[in-house]
Structures are given as C-alpha cells and as structure tokens.
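The values are calculated or read from the model by the stated rules, or taken from the named source; none is laboratory data. Since we're looking at a predicted model, the values are computed, not measured. When we count neighbours, we look across all protein chains shown, and the Cβ atoms used for this are built from the backbone with ideal geometry, even at glycine. Surface areas here come from the heavy atoms of the whole protein model, side chains and all, with no ligands, DNA or RNA. Shrake-Rupley method; radii C 1.70, N 1.55, O 1.52, S 1.80 Å.
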Amino acid sequence: MPVARTAFTDAYARLSEVLPGLGVTELGAADGVPSGDGWFTAAALASDGAELAAFLAQDEAQVLRDYGQRARPDVIASFGLHRYAWPACLLITVPWFLHRRVPRLPAAHVAYDRTAAGLPLGRMAVRSTSFACLPGDPAAALPGARVVADEEALRAEVRAAVAEHIEPVLAGFGPRMRRRGRALWGMATDEVVEGLWYVAHLLGEQERARHELELLLPGATKPYVGDAAFRELKGPDGTPLHTRDRASCCMFYTLRPEDTCATCPRTCDADRVEKLLAAAG
C-alpha cells in the first residue's frame with residue numbers, strides 16, 4: 001500500500017510504537033481508500049448495509065468464541081461501534097495531543113481492517129487533505145494547513161473533526177444498537193476520552209492527558225455528552241486512584257455481570273478501588 005509522509009506521520013508512528021497492536025497507514029491525495037479483502041471503509045459502515053452486517057458478524061463470532069454464548073444484536077452492535085470508534089478517534093486526538101495538529105478526516109477518507117495479521121487492534125488507512133495547527137508550527141507551510149488563533153480554537157477543531165467523522169458512523173450503527181441522540185454521543189464522548197487516556201498512560205503522560213481532556217470536554221460542548229468526568233478515589237493506604245464516570249454503558253455486563261470495568265456506571269466506588277488496585281498490581 002502507498003505510504004505518504006504528512007504532518008501526522010510522526011504522531012502515527014509514535015502511536016504504533018507504544019500501541020503496536022494498531023497499524024496506521026497514510027495515503028496520498030491521489031491514493032484510493034482501500035475496501036474489500038478485510039477492509040471496511042467508514043463510509044460503508046455508516047450506510048447500515050451489507051458491509052456493516054459483515055463487520056458485525058465478526059463481533060458475533062468473537063463473542064461466541066471468547067464467551068461461549070451469543071449476545072443480543074444490540075449488544076453486538078455496541079461492541080462493533082467501540083471496536084471501530086476507539087482507534088478512529090485516536091487518529092485525531094493523538095496528533096493533537098503530541099504535536100498540536102488536528103486532521104480533518106471525513107468518513108470517506110478512512111478504512112479499517114480488523115483482521116490484519118499480527119495486529120490485534122487492526123490497521124487503519126487514512127487520507128487527510130486538510131488540518132488545523134497553531135501559529136508558529138512549521139507544518140503551517142504545508143498544503144491544506146489552516147492556522148487557528150490559540151489552544152482553545154484548536155480544541156474546537158478537535159471536537160469538530162471528531163464529530164465530522166463519527167456522526168455518520170453513529171447514524172449507521174444507531175438503529176442496530178437501539179440507541180439514538182444523547183446515548184450515541186455519550187458513547188462517542190467515552191471513546192474520545194478513554195482512548196487518549198489509555199494511550200497517554202503508555203506514553204507516560206496520563207496526568208497531562210487528564211488535564212488536556214478536561215479542557216477539551218469541559219461540559220456543554222454539544223453534541224458531546226457531559227465533561228471528561230475524571231475523579232479521584234483513595235486506596236486503603238490513602239493512595240490516590242484515578243477513575244472517570246462513563247457517559248454510556250458498553251453493555252459488557254450482559255455477558256459478564258460480575259466483570260464490569262472500573263469506569264462502568266454500574267460499578268460502585270468500592271469495587272472500582274478493588275479493580276484499580278488489581279490492575280496496578
């Protein structure tokens with residue numbers, strides 16, 4: 001597949017370095033976005049047609065293989081959206097977090113292959129033709145660059161870029177998930193926050209990520225739901241433990257009610273502390 005060097009090449013290389021299970025290939029302006037042979041374009045997933053059905057069939061098979069039981073169709077669709085949206089949001093948030101550059105990635109410019117050999121999280125192909133950056137960024141001289149005034153203007157670009165990409169995808173998945181409106185955007189909010197927070201932990205910059213995400217999503221930034229929702233708990237010895245309250249539920253409890261995550265709305269603080277300590281140990 002063609003390889004292009006862009007304003008985001010270093011950010012995507014760093015992402016793949018700390019998260020080797022995810023591959024990212026950049027496409028040139030004249031390169032076609034791959035489809036077929038394991039690839040699903042974001043535009044095809046947004047159409048709620050045969051390709052989305054084939055994409056979700058892989059989740060259905062994986063649930064049966066991993067848990068020995070079938071999940072409800074709406075649960076499968078929720079898993080499928082998470083599987084796509086988590087890495088898709090990173091394509092925008094990681095370049096912003098690392099280099100203060102925000103690509104615009106319409107759904108037609110991104111494809112995902114979730115079955116790539118040696119890449120448990122799959123691989124993504126992406127073509128960006130425009131981006132926002134700050135004054136003084138050397139990338140401002142590149143084609144497609146658009147300089148914005150300051151950090152808050154750049155945060156607005158992040159919110160707009162994620163919304164532009166994910167809104168049609170939510171529309172495609174939504175009917176199968178039996179969710180709409182606020183519930184869907186709650187999931188999108190969680191993907192933005194938890195994806196970058198996780199990668200920042202791998203980068204050794206989790207504290208900065210919490211601060212940046214609180215500024216990115218302070219609340220009242222529609223269509224996103226709520227704020228970044230970080231808070232601090234205390235371990236038995238007083239050690240601070242960081243968690244957040246998800247705006248949505250991933251529905252995993254329907255398969256394993258006793259095994260919810262530490263940010264699940266269904267998990268009480270005492271159980272969160274126990275889970276966080278276990279993860280740290």
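Looking at ALA54, ALA42, which one is open to solvent by less than 60 Å² (accessible area, probe 1.4 Å), more than 30 Å from VAL147 (Cα to Cα) and of a type in the set (A, V, I, L, M, F, W, C)?
Sole residue among the options that is open to solvent by less than 60 Å² (accessible area, probe 1.4 Å), more than 30 Å from VAL147 (Cα to Cα) and of a type in the set (A, V, I, L, M, F, W, C): ALA54.
Would you confirm whether or not the range 102-113 contains a residue that is of a type in the set (Phe, Trp, Tyr) and either in a helix (DSSP H, G or I) or over 23 Å from GLN58 (Cβ atoms) (or both)?
No, the range 102-113 has no match at all.
In the list ARG266, ARG246, which residue meets the criterion of being outside any helix (DSSP H, G or I), under 16 Å from the mean Cα position of the chain (by Cα) and of a type in the set (Lys, Arg)?
ARG246
Kindly indicate whether LEU202 is open to solvent by less than 30 Å² (accessible area, probe 1.4 Å) and either in a helix (DSSP H, G or I) or closer than 28 Å to VAL18 by Cα (or both).
For LEU202, the condition - open to solvent by less than 30 Å² (accessible area, probe 1.4 Å) and either in a helix (DSSP H, G or I) or closer than 28 Å to VAL18 by Cα (or both) - is not met.
Taking the range 114-154 only, how many residues are exposed (fewer than 14 other Cβ atoms within 10 Å of the Cβ) and outside any loop (DSSP other than H, G, I, E, B)?
6
Specify the residue that is nearest to the chain's Cα centre (by Cα); the eligible residues are those in the range 250-263 that are in contact (Cβ under 8 Å) with a residue 40 or more places away in the chain and assigned to a loop (DSSP other than H, G, I, E, B).
Ranking the candidates gives CYS250 first.
Output the residue which, of all residues in the range 26-38 that are farther than 16 Å from ILE92 by Cβ and not hydrophobic (A, V, I, L, M, F, W, C), is most open to solvent (accessible area, probe 1.4 Å).
ASP37
I'd like the residue in the range 180-199 that is among the aromatic types (Phe, Trp, Tyr) and more than 22 Å from PRO168 (Cβ to Cβ) and, out of all such residues, is surrounded by the most Cβ atoms within 10 Å (Cβ to Cβ).
Result: TRP197.
Looking at (1) of a type outside the set (Val, Ile, Thr); (2) open to solvent by 60 Å² or more (accessible area, probe 1.4 Å); (3) at pLDDT 95 or above, which is the only condition GLY23 fails?
(2)
Could you tell me how many of the residues in the range 28-52 are in a loop (DSSP other than H, G, I, E, B) and farther than 16 Å from PRO87 by Cβ?
Going through the range 28-52 one residue at a time, the tally reaches 10.
Which numbered condition in (1) open to solvent by less than 20 Å² (accessible area, probe 1.4 Å); (2) at pLDDT below 85 is the only one that ARG266 fails?
(1)
Among the residues in the range 215-225, are any in a helix (DSSP H, G or I) and modelled with pLDDT of 95 or more?
Scanning the range 215-225 turns up at least one residue that is in a helix (DSSP H, G or I) and modelled with pLDDT of 95 or more.
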